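The values are calculated or read from the model by the stated rules, or taken from the named source; none is laboratory data. Quick caveat, the model's predicted, so the values are computed rather than measured. So basically every Cβ, Gly included, is an ideal-geometry build from the backbone, and we count neighbours across all protein chains shown. Ligands, DNA and RNA are excluded from the accessible area calculation, which covers all protein heavy atoms including side chains. Shrake-Rupley method; radii C 1.70, N 1.55, O 1.52, S 1.80 Å.
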Amino acid sequence: MGVLDGKVAFISGGARGQGRSHAIRLAQEGADIITFDLCAGLDSVAYAPATEDDLAETVAYVEKFDRRIVARRADVRDQAAVQAVLDDGIGELGRVDIVLANAGIMPVIGARGASRQAWHDCLDIMLTGVMHTCEAAIPHLLRQGEGGSIVITSSMAGLKGMVRELATKNDGFLGYVAAKHGVVGLMRSYANCLGPYGIRCNTIHPTGVNTPMVANPEFAELATEFPSLLESIHNILPVQMVEPMDVSNAILYLVSDAGRFITGTTLPVDAGANQY
């Protein structure tokens, strides 16, 4: 018996990284999964994107736990595409109970990160895209009348500013910080208006996580060039990064009955970075 038996989770950005980890962890506890990912690159992003093969690997991992999964390619910036994924998933799996608005990018490297497009991509994916994900699911949650749980992936950059000097101020960094702060306001609004219906909403705020978004040669080169960037994500605990499963375990707490009275909160999984 898992703590999420009979539940269905809707996860954006599920091809790899944190999204895949969340899908696996929730499947381990009995949840079926609906997920999607762009599986393509963006001009503003310097590191390699997730692929259709990555998404297929997520499917295989979930199926190892004898859970069902509906996985599609879709762009979180496109409300109709997000809605179509969820509607297909509910058509196959019957319901939705958990929403993880996880899709994200870090377009902060070199000339790409200095472009105005990097700013727009951050807000379109990590703020508007979060709203698209939540808005697709909320009518279903209300119709079911059984409550639900929404968790939005923010960052420690959603609790403090990462940009500490002009050398690291570019449109991508500013957009990233703005989007990660912005979803906190979105979360609090959802928590207020959905709480009377038993639907909880929280944000989660990781420090650096060992995923391809950060653990890549391009970001390592940037960090070497601008040491103040590493100082802004300094962890008090003696770890350079946390693992995706550390974030997934915190999300499991929030979406399970163990967190049934937790809503409107900003939960750090940051190894103490926000105290630095």
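Can you give me the % of accessible surface on the chain that is carbon or sulfur? Probe 1.4 Å, all protein chains present, nothing else counted.
On the way: 6070 of 11490 Å².
Roughly 53 percent, rounded to a whole number.
With each label point set 7 Å from Cα along the Cα-Cβ vector, what nm distance links Leu142 and Asn192?
1.7 nm
Given the chain, what count of lysine pairs have C-alpha atoms under 20 Å apart, with each pair 8 or more places apart or on different chains?
The result is 4.
What is the gain in length, in nm to one decimal, between Leu42 and Ala56 on full extension, counting 0.36 nm per residue of separation less the C-alpha to C-alpha distance?
The Leu42-Ala56 span can extend by a further 3.0 nm.
Restricting attention to the alpha-carbon atoms of the chain, what are Rg (one decimal) and Dmax (integer), both in Å?
That works out to 17.5, 53 Å for Rg and Dmax.
Quick check: residue separation of Asp66 and Asp78 times 0.36 nm, minus the Cα distance between them. What number comes out in nm?
That works out to 1.2 nm of additional length.
Per-residue accessible area for Lys64 at 1.4 Å probe radius, Å² rounded to 10?
150 Å²
Rolling a 1.4 angstrom probe over the protein heavy atoms, how many square angstrom per residue are accessible across the chain?
Ligands and nucleic acids excluded, the figure is 42 Å² per residue.
Add +1 for every Lys or Arg and -1 for every Asp or Glu among the other residues with Cβ under 15 Å from the Cβ of Asp78, and state the total.
With Lys, Arg at +1 and Asp, Glu at -1, the neighbours total -4.
In the full protein assembly as shown, how much of Met241 is accessible to a 1.4 Å probe, in Å² to the nearest 10?
Its accessible surface works out to 60 Å², give or take rounding.
When the helix-only estimate is applied to the chain (DSSP H runs of n ≥ 4, each -39,500 (n - 2.57), divided by the residue count), what is the mean residue ellipticity at 222 nm, nearest 500 deg cm²/dmol?
Mean residue ellipticity, 222 nm, calculated: -13000 deg cm²/dmol.
Ala258 to Arg116: FRET efficiency via 1/(1 + (r/R0)^6), r the Cβ-Cβ distance, R0 51 Å, to the nearest 0.05?
So, using R0 = 51 Å, E works out to roughly 0.70.
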